[in-house]
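What follows is one structure encoded as structure tokens, with my remarks underneath.
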Amino acid sequence: MKTQVPSAVGQELEIEPVRCTSIQERFLELQRHNPTSSLANVAMRWQMKGAVRDQTIQKALDFLAGRHEALRTRFERSADGYSQIVVETPPRLSLIDLSQLSSERYQAEAERLASLEARAAFDPVVAPPWRTTVLRRSPNEAILLLTIHHAIADLWSVGLIAHEFAQVVDALERGQRPDCRELSLQYVDYTQWQSALLASDGLADERQYWRRKLSGVCPLDIKPSRQRVLDAGRNGEIRSRVLPRLLTDALQSLAQQEGFTMYGLTCAALTRALGRKLEAEEIVIGTQVANRDDPLLFDLVGPVVNTVVLRLGIEAGSDPLTHARRIRDEVSQALANKALPFAEIAAGIELSDRKDLPLGYAINFAAGNVETGQAGVIRHGDFQLVSLPSATTGCLYEFSFFLVERQEGWRISCEYNTDHHVAAAADALLKAWSEELEAQVAPIESDLGNANPASKADQPTGDVVAPLALSLERRLPNRRPTRPYFQPCVLQSEGKLPPIFALSNRSLYYPLVQRVAAGRPFIDLQWADDAELPPLDQDSICRIAADAVRQIRAHDPVGPYYLISLCLMGNVALEVAQQLKSLNGEASVIFLLDTVAPGYVESMSRFDRFLRRVQLTDRIIPDLVARIRKVRSGDMSIAAAMSQYSIIRNNPLVRLIGRDGDAPRPRATNEDFLNHGLMDYLLDARALYPWKPYDGEVVLFRSAKSRVGRLFVRGLGWDNVVNGQLRIFDVPGGHDDMTREPAVATIAEYMSWMIDRREGRWSAQRAAG
């Protein structure tokens, strides 16, 4: 148990051994069985630019080791497993002077030394398993080699170390104290939390999902392209090819406009390529996920990453985009259950003695520099770290595929086991992969070109980005309104987590934002002041929802999204979720506050509707009195007041009179309209709305003061609409109090719980409890 957190190397430590996580044990076992192996290494290299003294580099490493306990951790093995121990050991820095070499010899020697460093094994029992080497060319230029064991860091950690290293070096060279924000937790804290989680039933759903998903699966048997040698190891080589910038941009545009992540889009192309080249109808891939949804984990150095198994089928004859949409759904389901450690996931798979899968896949977005926009560049002051291609540490998989974004375009790579395969095999797979990526873009070009053959000749040769920009408009239902129905109000702009979008007639949600929006954007789409209501017909709600969808995707083209609405706006939120789904987006959860489902009242008999209105008469007189006061004060016209009643709005004579003149349909000109007129319009629109069953997840927050009985069922009719999961929570207060205390506290608690559960996140308070 940790009793003291050191702030610098050299401080006395009083930390007892802590049991390792499953991913630590996985790589420590790999090291124990192969003591000279580098398979558990992570090797990265950067070109350092800027005048930096060697002693500054050592001080920066000392600072990072004092800041992150994982960088001062060694391991012990006992009969019960492995334990991690934080020790007092300075980081290892090697300085190699290559300044006397010619440019050509410097590059060759740097390559040779980088390869040797990457392949040099660690003994995690003796000392913290990481080291740094600097290949000095001049006072202003050097290559930084960072080699670190997977038991103390993952790729996210390495990127974090690089950013903090650059920041600390710049501060020290300026004679300043490094300004790094205080860490919320150390890796042993995460370790203890994960241990408690695995001992509980918190992952019961994930265990059930993986048992069902991987039932009967057997990894692909990849035939070697060279004769297997006795006692063959896992020597690896990386083969790469760069996608043209134009194709890279087109794929990114396609991903944004179709609602894909680049991960899902490129994974779909890879499975088609592998299926074609390996003659398989099903591909099983091990893929790593960062597993850092909680902001508390953003600054944590340690192996939080998890390996998730993707079991992806290939349907013969399906086009690239149809295949990509299906793969996207499969990947989304797998990632929704990513919290279960790989050791448990793999328990139901018939693995060989290697205890791993033959195929791996990863995608890395190289960090972009804010000032220059350069991919793979980290800059602090005059100091820069420019990412260089990694040297192989050995091949954990038979074939491992990954992407990295460079300025010239995406570089797709394949690391293959050189003891079993030849370079031509990896090159052929990369070629097939790039062909499938090109095919994903080609159908949109072809469809638009065939629709208007003359326009194709007017476009620049090979320009696939402009046609992609048109595809979203073709998919959105109904026409864009003359003026938007909604105006966005950004209540919370910062955060890397999936956003929350509220649909409202006026500002209501700020009290809720303060409780649930930490680490994620919160955008309130409020009814625009100058919006004109669409014609009242069966498409009314669809038109309004389409405008919300456009604005949602303008803020976040990828998703997933969380939607929240009060009362009748909840019906618009339902249609928004349906349209997002049709555009290949994803509404993770719809949160509804006291919303009656479409079709619920309309499906009742006339007699039941009459009885329901009778029971609601206690609201008629107060509403009528309030509207009379509005008319007398001049805040509301008689026509607007009369139009609040459906018997007036739906009267054929009134419609006839209003055909060529001003119909008594209110405009959004005052607060009274937003409170009553718009809601009454939506009430009529809901009666005409051709709703469809919804397959997603819906949470209904129901006022505890709501009426109960045969005509007021607890689910408000949503059990007939939602084919997915429906949860119902009662909250204190009345209908008009849903966005006030104490209702907000209850809603925020359940929303946070649902979102945490959906994203596989965790909270320090829950872990402590």
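Are any of the residues in segment 555-562 more than 21 Å from the chain's Cα centre (by Cα) and modelled with pLDDT of 85 or more?
No: zero hits.
What about Asp62, is it surrounded by fewer than 21 Cβ atoms within 10 Å (Cβ to Cβ), within 18 Å of Glu173 (Cα to Cα) and assigned by TED's automatic domain parsing to the domain that holds Arg119?
yes
Having 1 or more residues that are under 23 Å from Tyr561 (Cα atoms) is the bar; report the helices (runs of 4 or more DSSP H) wholly within segment 244-355 that clear it.
245-258, 262-278, 320-336
In the list Val217, Val229, Val242, which residue meets the criterion of being modelled with pLDDT under 85 and touching a Lys or Arg at 6+ places or on another chain (Cβ under 6 Å)?
Val217
Can you tell me which of Arg245, Arg292 is in contact with a helix residue (DSSP H, G or I) (Cβ under 8 Å, 6 or more places away or on another chain), outside the structural domain of Trp156 (by TED's automatic domain parsing) and among the basic types (Lys, Arg)?
On inspection, the qualifying residue turns out to be Arg292.
May I ask you to say which residue of Glu330, Glu344 is under 30 Å from Ala442 (Cβ atoms) and of a type outside the set (Gly, Ala, Ser)? Don't jump to the end; show me each part of the working.
Values: Glu344 fails: under 30 Å from Ala442 (Cβ atoms).
Every option except Glu330 fails the conditions.
Out of Ser387, Ser400, report the one residue that is under 19 Å from Gln288 (Cα atoms), hydroxyl-bearing (Ser, Thr, Tyr) and not in a helix (DSSP H, G or I).
Ser400 is the lone residue from the list that is under 19 Å from Gln288 (Cα atoms), hydroxyl-bearing (Ser, Thr, Tyr) and not in a helix (DSSP H, G or I).
Exactly one condition in (1) modelled with pLDDT under 85; (2) buried (at least 19 other Cβ atoms within 10 Å of the Cβ); (3) not hydrophobic (A, V, I, L, M, F, W, C) is false for Thr271; which is it?
Here Thr271 clears every test but (1).
With the structure loaded, tell me whether Val305 is in contact with a helix residue (DSSP H, G or I) (Cβ under 8 Å, 6 or more places away or on another chain) and not assigned by TED's automatic domain parsing to the domain that holds Val86 or whether it fails that test. Please lay out each step first, then the result.
On the way: in contact with a helix residue (DSSP H, G or I) (Cβ under 8 Å, 6 or more places away or on another chain): yes; not assigned by TED's automatic domain parsing to the domain that holds Val86: yes.
It is true that Val305 is in contact with a helix residue (DSSP H, G or I) (Cβ under 8 Å, 6 or more places away or on another chain) and not assigned by TED's automatic domain parsing to the domain that holds Val86.
Can you tell me which of (1) out of contact with any helix residue (DSSP H, G or I) (no Cβ under 7 Å at 6 or more places or on another chain); (2) within 22 Å of Thr261 (Cβ to Cβ); (3) in contact (Cβ under 8 Å) with a residue 12 or more places away in the chain is the one Gln526 doesn't meet?
Of everything listed in (1) out of contact with any helix residue (DSSP H, G or I) (no Cβ under 7 Å at 6 or more places or on another chain); (2) within 22 Å of Thr261 (Cβ to Cβ); (3) in contact (Cβ under 8 Å) with a residue 12 or more places away in the chain, Gln526 misses just condition (2).
Go through (1) within 32 Å of the chain's Cα centre (by Cα); (2) buried (at least 20 other Cβ atoms within 10 Å of the Cβ); (3) small (Gly, Ala, Ser) and name the single condition Ala142 misses.
(1)
Do we have any residue at all in segment 290-310 that's in contact with a Cys (Cβ under 8 Å, 6 or more places away or on another chain), farther than 23 Å from Thr191 by Cβ and at pLDDT 85 or above?
Scanning segment 290-310, I find at least one residue that is in contact with a Cys (Cβ under 8 Å, 6 or more places away or on another chain), farther than 23 Å from Thr191 by Cβ and at pLDDT 85 or above, so the answer is yes.
Taking into account only those residues within segment 713-750 that are in a loop (DSSP other than H, G, I, E, B) and of a type in the set (S, T, N, Q), which is surrounded by the most Cβ atoms within 10 Å (Cβ to Cβ)?
Thr739
Name the residue, out of Arg686, Arg655, Arg649, Arg702, that is surrounded by fewer than 18 Cβ atoms within 10 Å (Cβ to Cβ) and either closer than 24 Å to Met604 by Cα or modelled with pLDDT under 65 (or both). Let's see the steps before the verdict.
Details: Arg686 fails: surrounded by fewer than 18 Cβ atoms within 10 Å (Cβ to Cβ); Arg649 fails: surrounded by fewer than 18 Cβ atoms within 10 Å (Cβ to Cβ); Arg702 fails: surrounded by fewer than 18 Cβ atoms within 10 Å (Cβ to Cβ).
Arg655 is the lone residue from the list that is surrounded by fewer than 18 Cβ atoms within 10 Å (Cβ to Cβ) and either closer than 24 Å to Met604 by Cα or modelled with pLDDT under 65 (or both).
Can you find a residue in segment 91-114 that is farther than 26 Å from Glu25 by Cα and surrounded by 22 or more Cβ atoms within 10 Å (Cβ to Cβ)? Let's see the steps before the verdict.
Here is the first cut: in segment 91-114, the ones farther than 26 Å from Glu25 by Cα are 93-114.
If we keep only those that are surrounded by 22 or more Cβ atoms within 10 Å (Cβ to Cβ) too, we end up with 114.
Yes, segment 91-114 contains at least one residue that is farther than 26 Å from Glu25 by Cα and surrounded by 22 or more Cβ atoms within 10 Å (Cβ to Cβ).
I need the full set of residues from segment 181-207 which are in the same structural domain as Arg45 (by TED's automatic domain parsing) and exposed (fewer than 15 other Cβ atoms within 10 Å of the Cβ), in order please.
Arg181, Glu182, Ser184
So how many residues does segment 404-434 have that are surrounded by 20 or more Cβ atoms within 10 Å (Cβ to Cβ) and assigned to a loop (DSSP other than H, G, I, E, B)?
Qualifying residue count, segment 404-434: 2.
Please work out if Ser184 is at pLDDT 80 or above and in a loop (DSSP other than H, G, I, E, B). Quick ask: steps written out before the conclusion?
On the way: at pLDDT 80 or above: yes; in a loop (DSSP other than H, G, I, E, B): yes.
Spelling it out, Ser184 is indeed at pLDDT 80 or above and in a loop (DSSP other than H, G, I, E, B).
Give the residue that is surrounded by the most Cβ atoms within 10 Å (Cβ to Cβ), with candidates limited to residues of segment 67-82 that are over 13 Å from Val126 (Cα atoms) and either modelled with pLDDT of 95 or more or among the charged types (D, E, K, R) (or both).
Residue satisfying both the conditions and the ranking: Glu69.
Among the residues in segment 150-169, are any modelled with pLDDT under 90 and over 22 Å from Val305 (Cβ atoms)?
no
Answer with yes or no whether Pro534 is touching a Lys or Arg at 6+ places or on another chain (Cβ under 6 Å), assigned to a loop (DSSP other than H, G, I, E, B) and not assigned by TED's automatic domain parsing to the domain that holds Gly259.
Yes; evaluated as a whole, the condition is true for this residue.
Kindly establish whether Ile552 is buried (at least 23 other Cβ atoms within 10 Å of the Cβ), among the β-branched types (Val, Ile, Thr), in contact (Cβ under 8 Å) with a residue 24 or more places away in the chain and over 21 Å from Asp594 (Cβ atoms).
The answer is yes for Ile552.
The values are calculated or read from the model by the stated rules, or taken from the named source; none is laboratory data. Quick caveat: nothing in here was measured; it's all calculated off a predicted structure. We place every Cβ from the backbone using ideal geometry, glycine too, and count neighbours over all the protein chains shown.
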